Amino acid sequence: MSSTPTAVPITVAYGDGIGPEIMDATLRILTAAGARIAPEVIEIGEQVYARGQTAGIEPASWDSLRRTKVFLKSPITTPQGGGFKSLNVTVRKTLGLYANVRPCVSFHPYVATKHPNVDVVIVRENEEDLYAGIEHRQSDEVYQCLKLVSRPGCEKIIRYAFEYARANGRKQVTCMTKDNIMKITDGLFHRVFDEVKVEYPEIQTHHMIIDIGAARLATRPEDFDVIVTLNLYGDIISDIAAEVTGSVGLGGSANIGDQCAMFEAVHGSAPDISGKGIANPSGLLLGAVMMLVHIGQGDVAEKIHNAWLATLEDGVHTGDIYHEKVSELKVGTTAFADAVIERLGKQPVKFAPVAYAGGAPIAVAGRITPTKPAKKELVGVDVFLHWRGAASTLGEQLRRVDGDGLTLSMISNRGVKVWPNGLPETFCTDHWRCRFTATDASHPLALSQVLSLLMRVGNANFDFVKTEHLYTFDGVSGFSLGQGQ
Ligand code: NAD
């Protein structure tokens, strides 16, 4: 591909399986449409893993990514087992790509779906939540995964969702959390959503608990416009949304950060059809369309997207979506790309044409509200024990370590209060949260009091596996109660 003086450098990876075929087709369409880009090719995936790079990318390739800040990536084949790391997760985290944006659209009648009018965009937080990957085994029976949610992390993704909605003429943003249960972490996400939404009065807003939200997305997807949510929920509901449109294979995806961005197809490397010339390049092409909008070439993005819609409605289809009732011509990857190129400049007739007016990148950098340090006071400590026995026995034994301003106030097992006054029906495992609080609630504790408590717990031969401090922030409790407390 020749570059023009104003060409924007982008990093390109051809990937594995069908990756090279769909990347060739995509870049050919971009060139024909006049995309002002200068690709730099890097190698990722199988061959790199085979050379012993467990991340699937050569260290030198980061130089290109950090220079261009834009990555158009074909799918790769992830090796099973063997300590190999997911390249996607590595790239997202290393480059700070905090927003995963996945438009899910029905292309009825060309792609079979029970929901012909879906046009929803999932904006998923991409770096935090349970995906921080901090897991520990703590006893014979109990394993934990830490769910970390930060205020700037929430604000970045929520602001991004609103900016995306505004830039794309979207009318509604729905926030989904589970803050009826996780009042502190998901509660923060919901609270930040309520704070940010007032800056976007023209956009309707809703909050839904994720379980009913996911159910509604499966049964009434046409009710949604933009959805913003935490990492795990977003991972799940973006697949639900893609599945109800029937067009998982046609989806493009963007991973956006303040500095860098990565664009790709939703699907994998499809080794079963690799090398046959029959793969549908649409997913990667729609990822590339999002890239063009991101780098300020909305004019080219619009031209390609409309030509692609026109190709679809003219019945020129690859085998994965070919249906004799609606298709006119079954084509392979190359002929499909040719058909899109032939239609550049044409508008779709049955589908509504897309418009990427302005085509400006969505700038969110530098708008994160600094978090004001609060007055933080230590009011207790949860000491987690690996221990076997009955809750009442543990309560009696552990009370002996009370003292120096700390009193055992509650024991819970998997979050349910079991001492004092637990019920015999509660199933207990070998992992106990023992809450010690300040004997005199009017005086905050010193760290040394916690340290001497831990010495007493250890000297009494209890196996403590971790502690969590109990703080108040400007007088507001920063910890949850035990269920039943
Ligand atoms: P897949 O998406 O590659 O394939 C699933 C099915 O869809 C296959 O039958 C395939 O032939 C078909 N398909 C997928 N893309 C198609 C296209 N463009 N045109 C026509 N048909 C298409 O999922 P999989 O088989 O579970 O995974 C294969 C490999 O891809 C695995 O190694 C997986 O880890 C990897 N993967 C990579 C990414 C990525 O790099 N972003 C994403 C998902 C899976």
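The values are calculated or read from the model by the stated rules, or taken from the named source; none is laboratory data. Predicted model only: the values in this text are computed from it and were never measured. We place every Cβ from the backbone using ideal geometry, glycine too, and count neighbours over all the protein chains shown. Remember, those area values only see protein heavy atoms, side chains included, never the ligands or the DNA or RNA. Shrake-Rupley method; radii C 1.70, N 1.55, O 1.52, S 1.80 Å.
Per-structure values
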read-out	value
All lysines inside 18 Å of K69 as judged from Cα atoms, apart from same-chain residues fewer than 8 positions distant	K93
Rounded FRET efficiency, nearest 0.05, which uses the C-beta distance separating D223 from L481 and R0 of 22 Å	0.05
Average Cα contact separation per residue, the range 381-485, under 8 Å, 6 or more apart, as relative contact order %	40 percent
The range 82-146: GluC sites (Glu not before Pro) in DSSP loop, at most 14 other beta carbons within 10 Å	E141
Mean residue ellipticity (222 nm) of the chain, computed from DSSP H runs ≥ 4 via -39,500 (n - 2.57), nearest 500	-9500 deg cm²/dmol
Net +/- balance of residues flanking Y14 in space, Cβ distance below 10 Å, scoring K and R +1, D and E -1	-3
Estimated dipole of the range 386-485 in Debye, rounded to 20 [Cβ of Lys and Arg +1, of Asp and Glu -1, Cα centre]	200 debye
Heavy-atom accessible area per residue - the chain, 1.4 Å, Å²	45 Å²
Stretch gain in nm, segment E425-D63, where the contour uses 0.36 nm per residue and the Cα spacing is subtracted	124.4 nm
For the range 114-233, Kirkwood radius (reciprocal of mean inverse C-alpha pair distance, Å)	15.1 Å
DSSP beta bridges in the chain [antiparallel fraction, %, rounded to 5]	60 percent
Under 27 Å from K376, Cα to Cα: lysines that are on another chain or at least 8 residues apart	K147, K156, K178, K183, K417, K466
Residues of type aspartates and glutamates that K276 reaches as a straight line, Cα spacing below 18 Å, ignoring anything fewer than 8 places off in the same chain	D16, E21, D24, D320, D338
For K346, net neighbour charge (Lys/Arg +1, Asp/Glu -1) across residues whose Cβ lies under 13 Å away	-1
Sequence of K466, K350 from largest to smallest accessible area, 1.4 Å probe	K350, K466
17 Å cut-off, amide nitrogen to a point 7 angstrom out along I134 Cα→Cβ, residues in the range 363-403	382-384
Formal net charge of residues neighbouring I295 (Cβ-Cβ distance under 13 Å; K, R +1; D, E -1)	+1
